[in-house]
Amino acid sequence: MSREALIWDDAVSHLKSVGPEQPVLYFAPSVLQQTARDFQAGFPGMVSYAIKANDAGVVLENLIAAGITAFDVASPAEIHMVRAASPHVALHYNNPVRSPAEIAHAVAAGVVSYSVDSMRELEKLIAGVPASGVEVAVRLHLPIKGAVYDFGEKFGADHADSVLLLRAAEAAGFQCAMTFHPGTQCDDPMAWSEYIHACADVSSHAGVALGRLNVGGGFAANRGVAPDLAAIFTGISTAVNAAFGTAQPEIICEPGRALVTEAFVLATQVKGLRDCGGVFVNDGIYGSFGEAMNPVGVPERASTLTANGGAHSGATSPRVLYGPTCDSLDRLPGKYALPSDLNEGDYIIFKGMGAYSTATSTRFNGYGATQIITVQSLDIPTGLGDVA
């Protein structure tokens, strides 16, 4: 029988005691639940979790415990994951492209809301979904800046098509709503404001009142600078009041990254040191750092820890971090200020690794087997080196 604790005090105590040679994600349920409660307290409407950011069962269970009652799913597999955590929470299927078989699966699972951005996709819903009590949200796209990258290149209808879709959804007997996505890692309240006013204009031109307005996800997480979510929430509330007046729809959002990022830290172990200064670690772009190759990049908050749990004292210099695979692309962008006394077997700990780490990890070259360890605290003791 294993003597390893089910819940550790913190990441450092586990690293010192166990000395893992595989990458470890440390998960703090208390951090996740508090983040969810704070988001629900600050956002002026319903908060739905987009499970694509992190679909781990412990994440879904803790969000439900924190009061999240709706989940954004994008496939039958994600529907199954949420239903395994709860048979009662609401499912919003906001991937706007679905096969008839996927629609049938969604109906059987009790999906209550679907998004659409084309007439063909609406026709599929009309053919396969009983309209009574089901919401259809028309997804709008605008050429708006303010995010790291724009979802509108792939999804969303323009103003004219959105008007036609709203009218057709109402004629089919669905409850009518609208939705949009301001883009990944968005920190500009004006992006939401422009979309909200545009949705009100579409609703007016269509002559269709909106029961709900889904203002999407995209809420920025801390990638070195903490986002001002309160300013975004205020901007959303102000825009809804100005755009809809007394005929306001219910407001809903679907954050993923912003809810789960801070609940995990990642510990990587140093595998090799090059004379040129390069550092090889046991995780990389094919594992927990899948976002390194897109504009979001990697977290800029990291610390070092000696193999026995102590602090480094050597002078720091910029060094390249390479992942473990036999692929020259497997390196983190930029350089990290790492101490001169860093040795093989030491650890580099990255904060803010809850989103798109396990969800996009591969097993390329036989790597990527990241363990999740539950801890009471994610605090890193004072004195350990910050290397970002």
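The values are calculated or read from the model by the stated rules, or taken from the named source; none is laboratory data. As the structure is a prediction and not an experimental result, all values here were calculated from the model. Cβ coordinates were reconstructed from backbone atoms using ideal geometry, including for glycine residues, and neighbour counts include every protein chain displayed.
Could you tell me which numbered condition Val279 fails, if it satisfies all but one of (1) within 27 Å of Gly366 (Cα to Cα); (2) among the aliphatic types (A, V, I, L, M); (3) within 18 Å of the chain's Cα centre (by Cα)?
Going through the list (1) within 27 Å of Gly366 (Cα to Cα); (2) among the aliphatic types (A, V, I, L, M); (3) within 18 Å of the chain's Cα centre (by Cα), Val279 breaks only (3).
Where in the range 305-388 are there strands (runs of 3 or more DSSP E), lying fully within it, with 1 or more residues that are among the basic types (Lys, Arg)?
Where strands (runs of 3 or more DSSP E) fall fully within the range 305-388 and carry at least 1 residues being among the basic types (Lys, Arg), they are 316-319, 347-351.
For every residue, the table says whether it meets (1) part of a strand (DSSP E or B); (2) out of contact with any Pro (no Cβ under 9 Å at 6 or more places or on another chain).
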{"site": "Ala247", "(1), (2)": "no, yes"}
{"site": "Ile252", "(1), (2)": "yes, yes"}
{"site": "Thr261", "(1), (2)": "no, no"}
{"site": "Leu266", "(1), (2)": "yes, no"}
{"site": "Gln269", "(1), (2)": "yes, no"}
{"site": "Asp275", "(1), (2)": "no, yes"}
{"site": "Phe280", "(1), (2)": "yes, no"}
{"site": "Gly287", "(1), (2)": "no, no"}
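Evaluate the range 247-266: report whether one residue or more is free of Cβ contacts under 8 Å to residues at least 60 places away in the same chain and more than 18 Å from Phe350 (Cα to Cα).
Yes: the range 247-266 contains one or more residues that are free of Cβ contacts under 8 Å to residues at least 60 places away in the same chain and more than 18 Å from Phe350 (Cα to Cα).
Which pairs do you get when a residue that is within 14 Å of Leu329 (Cβ to Cβ) and in the same structural domain as Phe364 (by TED's automatic domain parsing), found in the range 285-310, comes within reach of a residue that is of a type in the set (Asp, Glu) and surrounded by 22 or more Cβ atoms within 10 Å (Cβ to Cβ), reach meaning Cβ atoms under 6 angstrom, with the pair 6+ apart or on two chains?
Final answer for the pair search is Ile285/Asp330.
Does Pro143 satisfy the condition of being surrounded by fewer than 16 Cβ atoms within 10 Å (Cβ to Cβ), in the same structural domain as Val240 (by TED's automatic domain parsing), modelled with pLDDT under 95 and not charged (D, E, K, R)?
Details: surrounded by fewer than 16 Cβ atoms within 10 Å (Cβ to Cβ): yes; in the same structural domain as Val240 (by TED's automatic domain parsing): yes; modelled with pLDDT under 95: yes; not charged (D, E, K, R): yes.
For Pro143, the condition - surrounded by fewer than 16 Cβ atoms within 10 Å (Cβ to Cβ), in the same structural domain as Val240 (by TED's automatic domain parsing), modelled with pLDDT under 95 and not charged (D, E, K, R) - is met.
Can you say whether Ala242 is farther than 23 Å from Leu25 by Cα and touching a helix residue (DSSP H, G or I) at 6+ places or on another chain (Cβ under 8 Å), as far as the supplied structure shows? Outline the logic, then answer.
Details: farther than 23 Å from Leu25 by Cα: yes; touching a helix residue (DSSP H, G or I) at 6+ places or on another chain (Cβ under 8 Å): yes.
Considered against the rule, which asks whether it is farther than 23 Å from Leu25 by Cα and touching a helix residue (DSSP H, G or I) at 6+ places or on another chain (Cβ under 8 Å), Ala242 comes out as yes.
Which condition number does Ala5 fail, the rest of (1) modelled with pLDDT under 95; (2) in a helix (DSSP H, G or I) being met?
(2)
The rows are residues; the columns are (1) surrounded by fewer than 19 Cβ atoms within 10 Å (Cβ to Cβ); (2) of a type outside the set (D, E, K, R); (3) more than 27 Å from Thr304 (Cβ to Cβ).
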{"position": "Asp9", "(1), (2), (3)": "yes, no, no"}
{"position": "Ala28", "(1), (2), (3)": "no, yes, no"}
{"position": "Gly45", "(1), (2), (3)": "no, yes, yes"}
{"position": "Val58", "(1), (2), (3)": "yes, yes, yes"}
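If you scan the range 259-276, which residues turn out to be at pLDDT below 95 and touching a Gly at 6+ places or on another chain (Cβ under 8 Å)?
Within the range 259-276, no residue meets the criteria.
If Asp150 satisfies all but one of (1) modelled with pLDDT of 95 or more; (2) charged (D, E, K, R); (3) within 23 Å of Thr261 (Cβ to Cβ), what's the number of the condition it fails?
(1)
Residues to consider are Val111, Val129, Val73, Val138; find the one that is more than 23 Å from Thr184 (Cβ to Cβ), surrounded by 19 or more Cβ atoms within 10 Å (Cβ to Cβ) and in contact with a Leu (Cβ under 7 Å, 6 or more places away or on another chain).
Testing whether each residue is more than 23 Å from Thr184 (Cβ to Cβ), surrounded by 19 or more Cβ atoms within 10 Å (Cβ to Cβ) and in contact with a Leu (Cβ under 7 Å, 6 or more places away or on another chain) leaves just Val111.
Residues in the range 238-251: is at least one farther than 22 Å from Asp72 by Cβ, modelled with pLDDT of 95 or more, hydroxyl-bearing (Ser, Thr, Tyr) and not assigned by TED's automatic domain parsing to the domain that holds Thr370?
Yes; the residues of the range 238-251 include at least one that is farther than 22 Å from Asp72 by Cβ, modelled with pLDDT of 95 or more, hydroxyl-bearing (Ser, Thr, Tyr) and not assigned by TED's automatic domain parsing to the domain that holds Thr370.
His14 fails exactly one of the following numbered conditions: (1) out of contact with any Phe, Trp or Tyr (no Cβ under 8 Å at 6 or more places or on another chain); (2) touching a residue at least 40 places away in the same chain (Cβ under 8 Å). What is the number of that condition?
Result: His14 fails condition (1) only.
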